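Engineer: Just dropping this structure here.
The values are calculated or read from the model by the stated rules, or taken from the named source; none is laboratory data. Note that the structure is predicted; figures quoted are calculated from it, not measured. All Cβ positions, glycine included, derive from the backbone under ideal geometry; neighbour counts span all protein chains shown.
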Amino acid sequence: MDYLIGDVQGCCDALDALLAKIDFSPSRDRIFVLGDLVNRGPRSLDTLRRLRDLGNAAHCLLGNHDLNLLAVAHGVRKPHRGDTIQEILDARDRDRWLDWLRQRPLALTLGSGAASWLMVHAGVVPQWTREQTLQLAGEVEHVLRSAAAGEFLEVMYGDEPARWHDGLAGAQRLRFVVNVLTRVRFVAADGTLDLQTKEGLDGAPAGMYPWFDAPNRATAGVQIACGHWATLGLVNRPDLLALDTGCVWGRQLTAVRVDGGRRDVVQVECG
């Protein structure tokens, strides 16, 4: 059985409750956690332990909070006031956790044909196909897993460039890919990013669309699963599963069983 799970953000108790509710068995089932494994919740280190101990039964994407942890650990960013990652940074085996995190992907696919899923933390831009999304994610993954990870983390943050073109190269190319896959919410019809607005659909800036409603999106018709956008809540439509249901804000942690074409939603309350 295959389950997609939204942002955990260090809420390990809720994760344990959700796994118990779906009667999760590592020998039978797989979970796909859509990024933001850590931060803001009370048990970030335990969450990493729980997920890593599941071995090949748990597949975890990188989200913006996970990248924030890597950046802080490499000394290129200071912790935010609300961060809850210090227990990881203080752990005697911190390098083990950071190395494990650096090996996580930024995009994944599950299944084949029309029933397959493209999984990202935040979203995609209109110009990218499924195949291009995976290729570009792979470029960033290669750097994060290499000796050049620290150098990249130093230039990873920033809102420019704001629009994709195939000629982007170097740090600008990688930064744009990270911004799309881990930060995007709204885009213009030409793919220009708005990385400031965090409201729900009613808060769309003039001329902007939720990334999944952008006109002429190259991934139209592809089933995409994402997290990241807690103000959306659960979105379950034929081409989209948005699964950040605000666990860290006291709402729900959500899993959806998707094998065999299912859309079985399971939730636990988060306190």
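Engineer: Looking only at the stretch 4-36, count every residue that is buried (at least 22 other Cβ atoms within 10 Å of the Cβ), in contact (Cβ under 8 Å) with a residue 40 or more places away in the chain and either within 17 Å of the chain's Cα centre (by Cα) or assigned to a strand (DSSP E or B) (or both) and tell me the total.
Structural biologist: 13
Engineer: Look through Thr245, Thr254, Thr219 and report the one residue that is among the polar types (S, T, N, Q), surrounded by 13 or more Cβ atoms within 10 Å (Cβ to Cβ) and more than 18 Å from Cys11 (Cα to Cα).
Structural biologist: Thr219 is the lone residue from the list that is among the polar types (S, T, N, Q), surrounded by 13 or more Cβ atoms within 10 Å (Cβ to Cβ) and more than 18 Å from Cys11 (Cα to Cα).
Engineer: It is to be established whether one or more residues within the stretch 83-104 are farther than 30 Å from Gly261 by Cβ and hydroxyl-bearing (Ser, Thr, Tyr).
Structural biologist: yes
Engineer: Are there any pairs with C-beta distances below 8 angstrom linking a residue in the stretch 74-88 that is touching a residue at least 24 places away in the same chain (Cβ under 8 Å) and of a type in the set (Ser, Thr, Tyr) to a residue that is surrounded by 12 or more Cβ atoms within 10 Å (Cβ to Cβ) and part of a loop (DSSP other than H, G, I, E, B), with the two at least 6 apart or on different chains, and if so which?
Structural biologist: From the stretch 74-88, the pairs are Thr84/Gly10; Thr84/Val38; Thr84/Asn39; Thr84/Arg40; Thr84/Gly41; Thr84/Pro42.
Engineer: Sticking with this structure for a sec: Tally time: how many residues in the stretch 146-161 are surrounded by 15 or more Cβ atoms within 10 Å (Cβ to Cβ), of a type in the set (A, V, I, L, M, F, W, C) and assigned to a loop (DSSP other than H, G, I, E, B)?
Structural biologist: Residues meeting the conditions: 1.
Engineer: So is Leu67 out of contact with any Gly (no Cβ under 7 Å at 6 or more places or on another chain), in a helix (DSSP H, G or I), in contact (Cβ under 8 Å) with a residue 60 or more places away in the chain and surrounded by 22 or more Cβ atoms within 10 Å (Cβ to Cβ) or not?
Structural biologist: yes
Engineer: When only residues in the stretch 126-145 that are of a type in the set (A, V, I, L, M) and in contact with a strand residue (DSSP E or B) (Cβ under 6 Å, 6 or more places away or on another chain) count, which is surrounded by the fewest Cβ atoms within 10 Å (Cβ to Cβ)?
Structural biologist: Leu134
Engineer: Also, quick follow-up: Can you name every residue in the stretch 238-271 that is part of a strand (DSSP E or B) and in contact with a Phe, Trp or Tyr (Cβ under 9 Å, 6 or more places away or on another chain)?
Structural biologist: Leu240, Leu241, Ala242, Ala255, Val256, Arg257, Asp264, Val266
Engineer: Keeping to the stretch 182-234, report how many residues are among the aliphatic types (A, V, I, L, M), part of a loop (DSSP other than H, G, I, E, B) and either in contact (Cβ under 8 Å) with a residue 60 or more places away in the chain or closer than 28 Å to Cys270 by Cβ (or both).
Structural biologist: Number of matching residues: 8.
Engineer: Can you pull out the residues in the stretch 99-120 that are small (Gly, Ala, Ser) and surrounded by 12 or more Cβ atoms within 10 Å (Cβ to Cβ)?
Structural biologist: Correct list: Ala107, Gly111, Ala115, Ser116.
Engineer: Tell me which of these Trp128 doesn't satisfy, since it passes every other one: (1) among the aromatic types (Phe, Trp, Tyr); (2) closer than 27 Å to Asp239 by Cβ; (3) without any contact (Cβ under 8 Å) to a residue 40 or more places away in the chain.
Structural biologist: Tallying (1) among the aromatic types (Phe, Trp, Tyr); (2) closer than 27 Å to Asp239 by Cβ; (3) without any contact (Cβ under 8 Å) to a residue 40 or more places away in the chain, Trp128 fails exactly one: (3).
Engineer: Taking the stretch 207-230 as the region of interest, how many residues are modelled with pLDDT under 95 and under 16 Å from Leu34 (Cα atoms)?
Structural biologist: 0
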